[in-house]
Structures are given as structure tokens and as C-alpha cells.
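No value in this document is a laboratory result; all are computed from the given coordinates. Not measured: the values here are computed from a predicted model. Positions of Cβ are backbone-derived with ideal geometry, glycine not excepted, and every protein chain shown enters the neighbour counts.
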């Protein structure tokens, strides 16, 4: 019950008690007053009428006596008027049995009044000639008491209503400040560290000041943690010596380019005799050569070209959206720079590199071997030479892909398996808290197709949404068959997420299933979501209204800033695998996990690590207290 209702009930109850006591005392006082007034009045009437009748009592048959008594009695204030002679014989008796219809019987029974009777002796000369008895009619007193009670009750109710109205106005201003504080607390819980205007009520003002102070301090702390998280995340993704991005970053970026359907070129570069140089000149000279070469590649970072150090003497480069002329011009310029680097370090034949073209239909697993093959060919060309292959690596033609994708959808052939079990380790034993629905698709010969390429090509032919509906339907059917009790991650495309038609279909599908909505966690990669955060946020809010949840896959703060998560209505994030691999070799990863846990704790977001391989990595991830770990 709200505070305003409690105060209204309390004040109304107090008013009722005070009014009841006051009303009862008032009614009793009025009753007592009316009884006394009636007694005095009837006595005065008896005395004055007795004096008026005294001259006529010499003849008790005199009609003037009855006339005078009737004149007084007819006023209605008397119940009975009786005149007796000295012997006690009734001479005249007048009675009035009429009741006041306006007065309810319950009032008469609840507050009975004593009837006053006045006696006046009438003398004629020096002797008593009769006695006059007059009894009051209580009906008028009851009528007066009833009218007074109604008037008191009416004005008391008006006062109560006016008091409640004033109280509601006062409470509206006072409690609005409490509502503002509640709203501020909810915003702080959601990651918005706001301040509110201080109210005028002293006690509430003190609370508001404390809330503003807390909000500011938490906001500053989160900002510091975010800054440190970004720094650590950048360190994790870079090679310690050259500060170029590492192998994991290369794999991630190349996969994202393929998923996004971009075309371009990828290059593999390698020092041919780095080990021999190290033997002759020492590791310091080798490090200097590597750093100088990295500077050549780093000059283009943040622009159209990105350089990576894979392992030791191996490097890579990505050239998204480059055409034939651009890549040949860039390769020639890079060769000249390498020649100059060789002159500086007195090495004629320093580096060779091979470049290949990739398209949407290229398979990731086949790209790196093709890049190495191009590199090997460049070694046969000459010193610091390069080889460019414009034939993209692809297993099927576009028409074959389209036909295969349509066949998969039309014949409902995707195979669903539940994998990537994630466990929570907070209790005494591990508890399974999440699984992922993995889709397997095959060509007409029954061979497994690369799922990433399959979805990328579905996007090329505008078949993503139909494919997502087909797969989601099969996943829900499988969950019903298994009587699923653990949430399942369901991967979606951004096309489906941004589609109103898909939302209507999903709403209808969830209404027809026995699966609880909270067991469905719809997911998308952080990279894909970053391309349209508004659409993902709207979809997350829509899914939450259905009772389901959303998850961001392969999350790292360099893709989506952690400060933005609060606006995405996301329930889970699953970390990129490189953040939880080989933690013992990079202490920054441990710090990153701890900060991630603290920040997401404020945002009420659950963090999941997947594919944690080694036992040492597992123990370190477990020590970070994140929500769940998959192995």
C-alpha cells in the first residue's frame, strides 16, 4: 500500500475517532440541555396558566377554563395537560399522542429523553380550588436533537473532505519528491547516474542529497572502471611488442567482414629468416626490426587498412572494400617501404607477402591456407616480393548457394543440436544455466556447409528472415520434445531483429507453445548489433515484454562500449573467447574479467564465458565470479 493511502487512512481513522467522541458528547450535551429547557419551560407554563385560571376556578364548569387550556395546549409542545379539583377528580384532560415523523425510531431508542411534568396548585381566594398537571411532548426535543445531529454531521463531513483534499495536495508535493527518488534509484539500477532537484521537506531533502551524492560517486566509479576496461581490452587485443592487433583480432575481424558480406583482400606477411637474424645480431636487433616494420603497418590503422601480428615473424593485413587497382597500388607502395626498411637494417631480402581476394561466399577456414600459398609463391618472384590472387576462395557459385538455401527452408532440413552448456559455480555444485542451439545445414550431397557462410549468403539473397523463422520453429519444437528446463540461446540475424513481421510471427509462435518464454534467449553477435543498436534495443524491449530475454555473443568492450549496455535492455552477454583464453600469460585478462563483473553487476547483466579450455584458465575465470562458464 502506498504511503499516501496509509496517511489518508490514518488521518481518516483519527478524524473518525475524534469526530465520534465529539459527536457523542455533543449529542448528549444537547439532549441534557433540551431536557432541562423542557422542564423549565413546562414549569413556567404551568405557573402562568395556573395564575390565569385562578379567577375562574370559583366555577369549575366555567367554559373559559377549557378555552384557555386549549389555547396553550394547541401549540403542540405538551403531551398531556390535566386539571383536577381538590378531591382529585379530573375536571379537564387534554392529550396529544402525535409523533414526529421526521425523527427516526432508532434515535428515540438510542437516546431516550426523560419526560418533564410540572405541577401548579390553583387557589381561589384563600383556598386551594384545583391542581394543574402539564407534561412535555419530547417529540420537539427529538426533532431539534435530530436536526442538530444532521447539521453537525454534514459540516463535519465537509470538513473531512476539505481536510483530505488539502492533505492530498500536500502529499502530492511531498510524495512527488519520494517518487523522484524512486525513479532516480531505478535509473541508477539501470546504469543512469542522474541527480534530482532537492525538495523543500527537510527529511526528504536529506535523503535526496544522499541519493545525489551516491549517484555521483557510483557514476564516477563506473566511468573509471569503463576507462580501465577499455584500456585493458585494448591491451588484450594487441601484441605486446609491436602494439599491432593480434591473431585473435585478425580472426574476429575477418569473420565479421565475411558475415557482413563485404568484399576485399587479405594479406599474409612473413620475415623469411628472422631466426637467423636473431642468431647473428641478437634479440634486441630483431625486436627493433619488428617494431620498425610494425610502424609501417600501423600508419594505416584506423583507416582503410589494418595490420596484425599473428605469431613471431608472421603478420597479416586486411583491405576491406579494396578493388583490383587499389590493392596493386598499395602492395607496390608497401614493397618500396619494405625495401627501405631492409636498407636501414642492411638486409636485402626481408619480407614476402601474399594477398588473396575474399567475398561473401568465401569460407573462413580456407582463407588463411590460401594466403600462405600466395606467400609461398611470392618467395619465387624476388626480394621482398608479393603475389596477389584475384580469384576468390569459394566452394559454390552464387546460384548454387541460393538453390541450396531455398531447399533447406522449403524442406525444413536444418538440424538442431543443443551445445555449449554453461554452468554456474556459485553453489556447492555446478548448475547448468544455459545452452546454445547450434544449426547444422547440409548440401544435396549430405556434406556439412560452413554455417557462417551459409547465413551470409542467405543475407545476400534476402532469405535471412525466412531462414530464422524456420530455425526458431525447429528449436522450439525440439525444446518441447526435450521438456527443456534450461534457457537456450537462439541465434538471430539483424534482418529478423529489425523486422516487424518477424516480431508478429514470434509473438504468435510463443503463444502457441508450452515452453516458458524465460527459457528463450535470443542472441546476436555484438558486432552485428553495433551496426544498428536502436533496432537491437527495440527488439530486446519487445522480447522482454513477451517474457523472454536477449544475449550479446562474442562481446568485448571495443565493439560496444559497456556504458551503452544499459540502454540495450540486454539480459546476458557472452564474452569473446580470446578474453578467457591463456589468462595466465596475460594478467590484464584477469583484471578485465573482474572489472567486467563489477560493472555488469550494477547493470544487472549476467556474464557468460564460453569454451574455456585449460583448467588453469577455468580456475581464473571461476575466481572472477561471473555468472556462468562453458567448457
* Evaluate E = 1/(1 + (r/R0)^6) for residue 508 and residue 485, where r is the Cβ-Cβ distance and R0 equals 30 Å; express this FRET efficiency to the nearest 0.05. => 0.80
* Asked: R0 = 41 Å: FRET efficiency of residue 68 with residue 21, Cβ-based, nearest 0.05?
  -> 0.30
* To do: Consider a paramagnetic label point 7 Å from the Cα of residue 128 along Cα→Cβ; state which residues of segment 25-53 have an amide N under 16 Å from it.
  => 47, 50-51
* Structure fact -> Checking rank on 28-36, 373-381, 152-160, with mean other Cβ inside 10 Å and highest first, the result is 373-381, 28-36, 152-160
* Antiparallel content of DSSP bridges confined to the chain, in %, to 5 -> 70
* Structure fact -> Under Stokes-Einstein, the chain at 37 °C and 0.692 mPa s, with its Kirkwood radius over C-alpha pairs, diffuses with a coefficient in µm²/s of 98
* To do: Please work out the Cα center distance from segment 171-187 to segment 402-417, rounded to the nearest Å.
  => 54
* Would you give the gap between the C-alpha center of segment 60-118 and the C-alpha center of segment 296-348, rounded to a whole Å? => 127
* Per DSSP H run of at least 4 residues, take -39500 (n - 2.57); add these up for the chain, divide by its residues and hand me the 222 nm value, nearest 500 deg cm²/dmol. => -17500 deg cm²/dmol
* Asked: How fast does segment 247-389 diffuse by Stokes-Einstein, in µm²/s, taking the Kirkwood radius from C-alpha pairs at 37 °C and 0.692 mPa s?
  -> 214
* Structure fact -> Per the 1/(1 + (r/R0)^6) rule, R0 = 41 Å and r from the Cβ atoms of residue 3 and residue 224, FRET efficiency to 0.05 is 0.65
* To do: Treat the count of other C-beta atoms within 10 Å as a stand-in for reagent exposure and order 505, 106, 401, 126 from fewest to most.
  => 126, 106, 505, 401
* **Net lengthening on full extension, residue 462/residue 477 (0.36 nm per residue, minus Cα-Cα)** => 2.9 nm
* Over segment 247-389, what is the relative contact order in whole percent, taking alpha-carbon pairs under 8 Å and six or more residues apart? -> 33
* May I ask you to sort 306, 47 by Cβ crowding, counting other Cβ atoms within 10 Å and putting the fewest first? => 47, 306
